[in-house]
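Single-structure report; data block below.
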Amino acid sequence: MAAQMTNAHRRFLQVLMSNGITEGSEARKLHQHCCETDKVYYAHDKLDDFISTINSHLQPLFMQIRKGISEEDGRAHYAVVNLAETEVTKMASDYTEIELELFRKTMDLIILSENGFASSTDILNLADQLKTKKMKKKEAEQVLKVFVEDKWLSEKNGEYTLHTRCIIEMEQYILSNYQDVARKCNLCHSLAIQKKTSFYRLPALTVECVHHPYCGSHSLEQSVAYLLLFVTTFS
């Protein structure tokens, strides 16, 4: 039987839904605040158990709190995902049809690129190629700004990529609709939009390892474990 939901759990869920996405350290502070405010048991290392209780009650509603890792710095983030919705239905209530088309085409550019980024120039060039309705470049710039503010896209020096929120909420959609190019990181096993490929040479073969740039530079133990798994599986 699932553990009982308390007001602390409900408060935590409400804030998470309101935020859209919450960074790991903030989620831990929120966990403590909710437990202390509603005078329920709190342990600093029990956040995962706390979230599991919420998820057990969200399951009949086809919702779930999911944890994802930022491709920029490897920090954990949490977001509430509606499992019954696709990317289209989830965003349809917040954006117009033409804005959604621009987002889809931007996603295409990002996912099909080699490094997981699309330049603002390439995206803006799509504005007058939209099937729904042509969009002026100034309008497209404003729409992109909104996507960044709403944490669907991230922008740095004129280059756009998918925000951590987008990756968490749309991982299954991306894996299903971009099967030929979408890959999971061999080290952390999460979807890799910003990905690199490393090659490890063994005596009898060369092993390809797709990984996030962050994972590749901070996960030596995982890299060794991946190689051992590969050798064990195929030897």
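The values are calculated or read from the model by the stated rules, or taken from the named source; none is laboratory data. All of these numbers come straight from a predicted model, not from anything done at the bench. Methodologically, a virtual Cβ is constructed for each residue, glycine included, from the backbone with ideal geometry; neighbour enumeration extends over all protein chains shown. Side chains are part of the model used for accessible areas, which takes the heavy atoms of the whole protein and leaves out ligands, DNA and RNA. Shrake-Rupley method; radii C 1.70, N 1.55, O 1.52, S 1.80 Å.
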Under the 0.36 nm per residue contour assumption, what length would be gained going from the current alpha-carbon distance of residue 41 and residue 122 to full extension? 24.0 nm
Relative to the present Cα-Cα distance, how much length would full extension add between residue 177 and residue 48 at 0.36 nm per residue of separation? 43.4 nm
Rounded FRET efficiency, nearest 0.05, which uses the C-beta distance separating residue 207 from residue 82 and R0 of 41 Å: 0.60
From a point 7 Å beyond the Cα of residue 26 in the direction of its Cβ, which residues of the range 50-79 have a backbone N at a distance under 12 Å? 77-79
What FRET efficiency would be calculated for the residue pair residue 137, residue 33, taking the C-beta separation as r and a Förster radius of 45 Å, to the nearest 0.05? 0.55
Given charges at Cβ of Lys, Arg, Asp, Glu: the range 49-164 dipole, positive-most of 53, 129, 109: 129
Note to self: C-alpha centroids of the range 33-48 and the range 95-139 sit apart, in Å, by 43 Å
Taking only protein heavy atoms and a 1.4 Å probe, the highest-to-lowest accessible-area order of 49, 73 is 49, 73
Want the number for residue 112 to residue 10: 0.36 nm per residue separation, take away the alpha-carbon distance, what's left? 32.8 nm
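For the range 32-134: lysine pairs with Cα atoms under 19 Å, gap of 8 or more or different chains, count?
Values: 46/67; 67/90; 90/105; 105/131; 105/133; 105/134.
Value for the range 32-134: 6.
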Using unit Cβ charges (K, R positive; D, E negative) and no other charged atoms, how large, in debye to the nearest 20, is the dipole of the chain about its Cα centre? 80 debye
